[in-house]
Amino acid sequence: DKQDTLAAALGTTSSSGTGVFEIRNVLNSYLSYYRYSAYLASTLTEYLFKLYVHTSLGFDRAPILHAYTSALSYYGGNGYYHYVPIASHTNSTDVMVIYDPINNANYYGIHSVPAAEAYGAVTCISGRYLIACWD
C-alpha cells in the first residue's frame, strides 16, 4: 500500500519511471524537518559522498542512490537505471548495506558493498544523484 501511495504521488509509470526531484519533493511532503536534498554526484568527492550518507543516516533518513547498477558488483556488469536505498554505513570497514528493491530475483535483496562501489554507482555515468539529508 505504501508503494502504491508513493507511486501515485510521484506520478510513476512503467514507461516514464520516476524523477529525482519528484522523489525528493514527495518524501519531503511527509517531513517537517531534516528534509531531503538531491546532490549531483559528479560534484561530490568520495569523502563528501560518504559524509552525506553518514549524516543522512544519523538523521534517520535513508539516503537513496540514483544508481547505474553496472558499478555494483552483484549486478555482474548489468546496467539498469535504478533507485537503491542505503540502510547503513560502517566507517571502520567502509561498507554500506543497501536494500535493493528491484523486481528481479537475481539482484533483489540486502547487499553489503564497499562504499567505493556505492559511490561508483552514482558517478560511473553523468547525471546521477545522491538523495540525502545533509542539514
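The values are calculated or read from the model by the stated rules, or taken from the named source; none is laboratory data. Just so we're clear, the structure is a prediction, and the values are computed from it rather than from any experiment. For neighbour counting, all protein chains shown are included, and Cβ atoms are generated from backbone atoms with ideal geometry for every residue, glycine included. To get the accessible areas, we keep the full protein, side chains included, count just its heavy atoms, and leave off ligands, DNA and RNA. Shrake-Rupley method; radii C 1.70, N 1.55, O 1.52, S 1.80 Å.
Summary of computed values
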quantity: Lone unmet requirement of (1) within 21 Å of Leu10 (Cβ to Cβ); (2) open to solvent by less than 20 Å² (accessible area, probe 1.4 Å) for Ala115; calculated: (1)
quantity: Unmet requirement for Ser15, which otherwise passes all of (1) more than 15 Å from Gly127 (Cα to Cα); (2) assigned to a helix (DSSP H, G or I); (3) open to solvent by 30 Å² or more (accessible area, probe 1.4 Å); calculated: (2)
quantity: Residues (outside any strand (DSSP E or B) and either touching a residue at least 60 places away in the same chain (Cβ under 8 Å) or open to solvent by 70 Å² or more (accessible area, probe 1.4 Å) (or both)) located in the stretch 81-96; calculated: Asn91, Ser92, Thr93
quantity: Meets criteria (surrounded by 15 or more Cβ atoms within 10 Å (Cβ to Cβ) and either hydroxyl-bearing (Ser, Thr, Tyr) or under 12 Å from the mean Cα position of the chain (by Cα) (or both)) for Tyr99; calculated: no
quantity: Any pair with Cβ under 6 angstrom, 6 or more apart, that starts in the stretch 12-28 at a residue that is closer than 20 Å to Ala62 by Cα and among the aliphatic types (A, V, I, L, M) and ends at one that is at pLDDT below 95 and not in a loop (DSSP other than H, G, I, E, B); calculated: Val26/Ala9; Val26/Leu10
quantity: Residue in the stretch 38-46 that is part of a helix (DSSP H, G or I) and β-branched (Val, Ile, Thr) present; calculated: yes
quantity: Hits in the stretch 49-72 (condition: on the phi < 0 side of the Ramachandran plot and either open to solvent by 70 Å² or more (accessible area, probe 1.4 Å) or more than 15 Å from the chain's Cα centre (by Cα) (or both)); calculated: His54, Gly58, Phe59
quantity: Number of the condition not met by Ile102 [criteria: (1) part of a loop (DSSP other than H, G, I, E, B); (2) in contact with a His (Cβ under 8 Å, 6 or more places away or on another chain); (3) farther than 30 Å from Ser14 by Cα]; calculated: (3)
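For every residue, the table says whether it meets (1) β-branched (Val, Ile, Thr); (2) farther than 20 Å from Gly58 by Cβ; (3) at pLDDT 95 or above; (4) in contact with a Pro (Cβ under 9 Å, 6 or more places away or on another chain).
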{"site": "Ser70", "(1), (2), (3), (4)": "no, yes, yes, no"}
{"site": "Val84", "(1), (2), (3), (4)": "yes, no, yes, yes"}
{"site": "His89", "(1), (2), (3), (4)": "no, no, yes, yes"}
{"site": "Val95", "(1), (2), (3), (4)": "yes, no, yes, yes"}
{"site": "Asn103", "(1), (2), (3), (4)": "no, yes, no, no"}
{"site": "Thr123", "(1), (2), (3), (4)": "yes, yes, yes, no"}
